[in-house]
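Presented below is the structure to which this report refers.
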């Protein structure tokens, strides 16, 4: 009889490991968040609640500087990569296979296939050559590098959205003598908008999070928030790091939540 | 535009087939033009520079970093071999080989552990009622999209000598001296497991979600025990997910830079750190280039293995 009531969906062993896995994933993050409110200077001994580390992080000029640079780079990279990715997605979906389409796919997905450290080193060498030739050491190197590796992340949600859209509305617009541009502006774009927004946000988060490529490409004094934090990790750390991390986490989680909601509407 | 004009001015005698062919040519050209900006950026700041790395790996190293434009295979030789400074004999580059070995071993162990923890987790999510499933999945996805450096920092706070784990163990009187986990291979492996675990769970879940659990019930009804059901029913069905998850964990582990740097310290380097070192203090750009290409080749082989196996599993239940 016991066998008849056996439920395949309740595997106690598996459930235990799964719950352990969730605890494992969240416990360190929660600890980090909790200690950002520590009144003491330790990141392990709790001495009461306080906002002091948030205040000191916000007042820290290096942090301000790095945060502003991070946002500038991420905004630029997200904006440009989303535009070019939208164009590429329009070109590579809802079509019969044409000469070179595989080449375009492979090129767009290339940043996902090569380890970041290799791309970083390649850019370091390439930009070193340009720096010697031109003498320019500004932010443009980081802007273009981030734009490039954001392209596949912006491309994927846009492409997914396009593939679920059929062509009949656009054909109808064309039949009603709309020019290609007006068809795009008034039919395709409004339908595609959630995908574009999702792609842009994903690109923004990816750029904001990047450590490896930025660390290798940046010139002196061009720290972003993650590379600043990486530099600080060699020293004795105070809960200020936790406070910066917590704000960072909050922004990422907010964007991912919105991303999910945008994607869900589609289905 | 020229093609456009020809089509318009073509005499009415033009056959429909020709017009269609002209339309297709124009369409293809427009699609290339639309893709061009993305391709231009990628070739300038991602694909093209990889070619330069290949060139640099065959040059002579410069005195203060950089290169001299003289052909040399020294860099490639020194990936695996080292020349004795006293008697000029060739020996294996033990320092490099031990780092290769550590990278492979830690990546492999990380993948294995991720599979052991990730498989039950994916099974758990796949067997939840549909309403709560999305929430559990979301809980796996959130850490995946949060900053890798911050997650590494979070795990570091847990395993440090003054960290939570040691504080609790000492508080409970189980140990008197803190366990030295930081700056060991164990720390690096735990860190890699922590940061890449979601990459295992997500593809595993994707293939488990499609399992018809009546098949599992049928297995039990036919008197198979749990292990047999797992091996003979579930595993064959989720094999694509297992392969995809393993590749997705193995590849970034192999090229990891941040996690070993933060948790392993200077002595427990992985391949990523060795590469970076050549462009920093090591000042051996050709060697760094050769090492980068070595890493890329290993990754490509892993990817090819994946593509080949993913192709095979095209015919499957569901």
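Reported count of residues in the range B:265-291, each being at pLDDT below 90 and in a helix (DSSP H, G or I), is 0. Take the conditions assigned by TED's automatic domain parsing to the domain that holds residue B:133 and farther than 30 Å from residue B:161 by Cα and apply them to residue B:190. Does it pass? Criteria not met by residue B:190.
Among the residues of the range B:224-240, is any within 22 Å of residue A:14 (Cβ to Cβ), more than 8 Å from every other protein chain (Cβ to nearest Cβ), part of a loop (DSSP other than H, G, I, E, B) and without any contact (Cβ under 8 Å) to a residue 40 or more places away in the chain? Looking through the range B:224-240, at least one residue is within 22 Å of residue A:14 (Cβ to Cβ), more than 8 Å from every other protein chain (Cβ to nearest Cβ), part of a loop (DSSP other than H, G, I, E, B) and without any contact (Cβ under 8 Å) to a residue 40 or more places away in the chain.
With B:243, B:293, B:247 as the choices, which residue is in contact with a helix residue (DSSP H, G or I) (Cβ under 8 Å, 6 or more places away or on another chain) and facing chain A (nearest Cβ under 10 Å)?
Residue meeting the stated conditions: B:293.
Considering each residue of the range A:61-73 in turn, at least one proves to be within 12 Å of chain B (Cβ to nearest Cβ) and either touching a helix residue (DSSP H, G or I) at 6+ places or on another chain (Cβ under 7 Å) or crowded, with 19+ Cβ neighbours inside 10 Å (or both). On the basis of being surrounded by fewer than 17 Cβ atoms within 10 Å (Cβ to Cβ), more than 10 Å from chain B (Cβ to nearest Cβ), at negative phi and under 21 Å from the mean Cα position of the chain (by Cα), does residue A:262 make the cut? Considered against the rule, which asks whether it is surrounded by fewer than 17 Cβ atoms within 10 Å (Cβ to Cβ), more than 10 Å from chain B (Cβ to nearest Cβ), at negative phi and under 21 Å from the mean Cα position of the chain (by Cα), residue A:262 comes out as no. I'd like to know if the range B:205-218 contains one or more residues that are within 19 Å of the chain's Cα centre (by Cα) and modelled with pLDDT of 85 or more. For the range B:205-218, residues within 19 Å of the chain's Cα centre (by Cα) and modelled with pLDDT of 85 or more: present.
Identification of helices (runs of 4 or more DSSP H) wholly contained in the range A:1-102 with 3 or more residues that are out of contact with any strand residue (DSSP E or B) (no Cβ under 7 Å at 6 or more places or on another chain) and more than 27 Å from residue A:207 (Cβ to Cβ) yields A:12-35. Taken over the range B:217-233, residues that are surrounded by 16 or more Cβ atoms within 10 Å (Cβ to Cβ) and either farther than 14 Å from residue B:123 by Cβ or outside the structural domain of residue B:120 (by TED's automatic domain parsing) (or both) amount to 4. Residue A:128 meets the conditions (1) surrounded by fewer than 21 Cβ atoms within 10 Å (Cβ to Cβ); (2) at the interface with chain B (Cβ under 8 Å from one of its Cβ atoms); (3) closer than 30 Å to residue A:29 by Cβ in every case but one. The failed one is (3).
The values are calculated or read from the model by the stated rules, or taken from the named source; none is laboratory data. Just so it is clear, the structure is predicted and the values come from calculations on it, not from any experiment. Virtual Cβ from ideal backbone geometry, glycine too; neighbours counted across all protein chains shown.
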